[in-house]
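The values are calculated or read from the model by the stated rules, or taken from the named source; none is laboratory data. What you see is a predicted model, and the numbers here were worked out from it, not measured in a lab. Here Cβ is always computed from backbone atoms with ideal geometry, including for glycine, and neighbour counts include all displayed protein chains. Remember, those area values only see protein heavy atoms, side chains included, never the ligands or the DNA or RNA. Shrake-Rupley method; radii C 1.70, N 1.55, O 1.52, S 1.80 Å.
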Amino acid sequence: MTSNARYARIRCQSTDLAGPLSEADCQAQSMPDASPAKWHLAHTTWFFETFVLERFESGFRPFDPSYRVLFNSYYQGVGEQHPRPQRGLITRPGLSEILAYRVQVDERMNALMHKGLNDAMAELVELGLQHEQQHQELLLTDIKHLLSCNPTDPIYRTGQGRPTASAQPPLSWSMFEGGVVRTGHSGMAFAFDNEQPCHDALVRPFALANRMVTQGEWLAFMHDGGYQTPRWWMAAGWDWVRQQGIDAPLYWRREGVHAHYLPWSCFTLHGRETVDLHAPVAHISWYEADAYARWLGTMEGHRVRLPTETEWEHAAIAMGRDWSADGNFLETGTLCTRSPAASSTGLQQLGGDAWEWTASPYTPYPGYRPWTGAVGEYNGKFMVNQMVLRGGSCVTPQSHIRPSYRNFFPTDARWQFSGVRLARDA
């Protein structure tokens with residue numbers, strides 16, 4: 001059962017994340033795929049007001065009837081939505097009004113929970129909190145993109161930042177036997193509908209890299225002409241590279257005309273920093289991850305590829321409860337990828353640092369059934385033209401992640417903290 005304390009903690013974390021921002025920061029929208037911080041704060045509140053209070057609160061009255069349209073994301077069953085690319089144009093209500101909206105809805109939610117929740121209410125409150133944690137991550141990724149558009153390289157937050165770089169452990173491979181494995185979520189703990197049902201899947205013997213690809217290794221790919229050589233790329237990926245002029249991960253910048261390896265810099269939530277050769281590369285698209293795997297396989301003389309999501313999950317489950325123990329999540333405070341311990345063995349940082357692209361398209365599991373009602377639109381209708389990522393990132397709340405968690409993005413998306421861990425056939 002969701003406690004009032006847990007509800008308050010998660011809700012306060014969202015406003016804390018917006019704390020370092022100015023009102024102008026909270027208002028701006030840097031691209032159609034991103035949303036203003038103010039919108040994230042309002043939409044997550046709208047979720048509780050619309051799906052919990054409207055249904056279960058005696059004498060329900062909305063905080064403001066216009067919010068039903070302004071802060072509806074994509075729920076057709078609820079009604080109309082303000083166009084996503086125009087969220088940055090919603091200058092009113094202002095930030096102070098949105099914060100007041102959060103306070104009022106939280107007070108009403110606390111009163112409702114104090115009376116006790118039945119099963120249906122408890123399920124929706126838990127969904128709302130999981131939804132809020134998703135938007136905490138999105139708030140940070142969207143703010144990073146927004147601040148990166150400013151030529152002064154503004155700092156979101158000073159503080160812990162990236163620890164002193166250390167040499168990463170050498171690349172090695174963990175072997176896994178093939179066979180029929182169980183995949184998907186089982187048990188009573190929360191999971192999204194796209195993680196279910198738990199089902200049998202066949203995997204062939206495979207090997208998974210002990211760590212993610214680093215920024216230094218990515219520089220080697222770049223130096224070898226990776227972005228100029230069509231043989232490594234899917235046709236659509238090569239078209240994307242040429243049309244968009246892609247020659248490095250998002251947020252990277254060459255600091256000298258003749259710079260090949262260094263000095264390259266990368267924009268982070270702590271401002272612009274020199275590329276850390278030993279930290280996992282992030283902000284790459286599926287096209288880039290797939291191209292790197294093809295390139296490395298040719299360099300090493302054996303086929304290297306992206307893992308399937310079933311292989312990835314099987315490896316995480318095989319690690320047991322410690323699968324994410326050494327991960328770098330939102331709670332760690334770095335807000336950027338960091339080097340794994342050079343002395344570590346086995347699979348490292350399988351959870352955290354950067355979401356890991358897989359070779360699996362985002363499609364329903366056998367026997368999948370979306371939730372009923374308007375929340376049935378949460379995942380199912382996006383199961384087309386997207387690829388699955390696993391593991392979480394340095395801005396994912398650790399309590400939000402689990403081995404069965406399926407993230408998904410289009411093949412050209414890279415403003416998310418997305419990286420790559422390689423696989424090969426055993």
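Given Cβ point charges of +1 (Lys, Arg) and -1 (Asp, Glu) and nothing else, what value in debye, to the nearest 20, does the dipole of the chain about its Cα centre take?
It comes to approximately 120 debye.
Let me know the charge dipole size of segment 228-318 about its Cα centre in debye, to the nearest 20, where only the beta-carbon of Lys, Arg (+1) and Asp, Glu (-1) is charged.
Dipole about the Cα centre, nearest 20: 320 debye.
How much length would be gained if the chain were fully extended between T274 and S172, taking 0.36 nm per residue of separation minus their Cα-Cα distance, in nm to one decimal?
Difference between extended and current length: 34.1 nm.
Grab the other residues whose beta carbon is less than 14 angstrom from that of N110, score K and R as +1, D and E as -1, and report the net.
With Lys, Arg at +1 and Asp, Glu at -1, the net is +2.
What Kirkwood hydrodynamic radius, in Å, does segment 137-218 give when the mean of 1/r is taken over all pairs of distinct Cα atoms and then inverted?
About 17.9 Å for segment 137-218.
Sum up the charges of everything whose Cβ sits under 14 Å from the Cβ of F51, counting Lys and Arg as +1 and Asp and Glu as -1, but leave F51 out.
That sum, taken over residues with Cβ under 14 Å, equals -4.
Let's test this: bin the Cα-Cα distances of the chain at 20 Å from zero up to the farthest pair and state each bin's percent.
P(r) for the chain, in whole percents per bin: 25, 58, 17, 0.
Counting C-alpha atoms alone, how compact is segment 208-301: give Rg to one decimal and Dmax as a whole number, in angstrom.
When restricted to the Cα atoms of segment 208-301, Rg and Dmax are 13.1, 39 Å.
What order do you get for 268-281, 194-207, 133-146 when each peptide is scored by the mean count of other beta carbon atoms within 10 Å, highest first?
Final packing ranking: 133-146, 268-281, 194-207.
Taking all protein chains in place and a 1.4 Å probe, what share, in percent, of the accessible surface of the chain do carbon and sulfur account for?
53 percent
With a cut-off of 8 Å between alpha carbons and a minimum separation of six or more residues, what is the relative contact order of segment 313-424 in percent?
Normalised by residue count, the contact order of segment 313-424 is 32 percent.
With a sphere of radius 12 Å drawn around the Cβ of G226, what net charge do the other residues whose Cβ falls strictly inside it have (Lys, Arg +1; Asp, Glu -1)?
Within the 12 Å Cβ shell, the charges total -3.
Once the dipole of the chain is set up with Lys and Arg at +1 and Asp and Glu at -1 on Cβ about the Cα centre, which of A248, Y405, W39 lies farthest towards its positive end?
About the Cα centre, the residue reaching furthest to the positive side is A248.
How big is the dipole moment of segment 265-376 about its Cα centre under a simple scheme where the beta carbon of each Lys and Arg is +1, that of each Asp and Glu is -1, and everything else is neutral? Debye, nearest 20, please.
Charge dipole, segment 265-376, about its Cα centre: 200 debye, nearest 20.
What is the distance, in nm, between label points placed 7 Å from the Cα along the Cα-to-Cβ direction at S186 and at N4?
3.8 nm
Which value in nm describes the separation of the simple spin-label points at H114 and A100, placed 7 Å from the Cα toward the beta carbon?
For the pair H114/A100, the computed spacing is 2.2 nm.
Based on alpha-carbon positions alone, could you give the equivalent ellipsoid semi-axes of segment 95-143 from the gyration tensor, as √(5λ), descending, whole Å?
That gives 23, 17, 5 Å for the three semi-axes.
Put +1 on the Cβ of each Lys and Arg and -1 on the Cβ of each Asp and Glu in the chain; which of M212, G237, Y368 then has its Cα farthest toward the positive end of the dipole?
Selected residue: G237.
Set Lys and Arg Cβ to +1 and Asp and Glu Cβ to -1, take the dipole of the chain about its Cα centre, and tell me which of A426, G346, S324 lies farthest positive.
Final value for the positive-end residue is A426.
On average, how much accessible surface per residue is there in the chain, in Å², for a 1.4 Å probe, leaving out ligands, DNA and RNA?
The answer is 42 Å² per residue.
With r defined as the distance between the Cβ atoms of D224 and A426 and R0 fixed at 30 Å, what FRET efficiency is calculated, to the nearest 0.05?
Result of the calculation: an efficiency of 0.65.
Per 0.36 nm of contour for each residue apart, how much would the distance between E300 and R254 grow if the chain were fully extended, relative to their Cα-Cα spacing?
Stretched out fully, the E300 to R254 stretch lengthens by 13.8 nm.
For Cα pairs less than 8 Å apart in space and 6+ apart in sequence, what is the mean separation divided by the residue count of segment 1-126, i.e. the relative contact order in percent?
Contact order relative to length: 33 percent.
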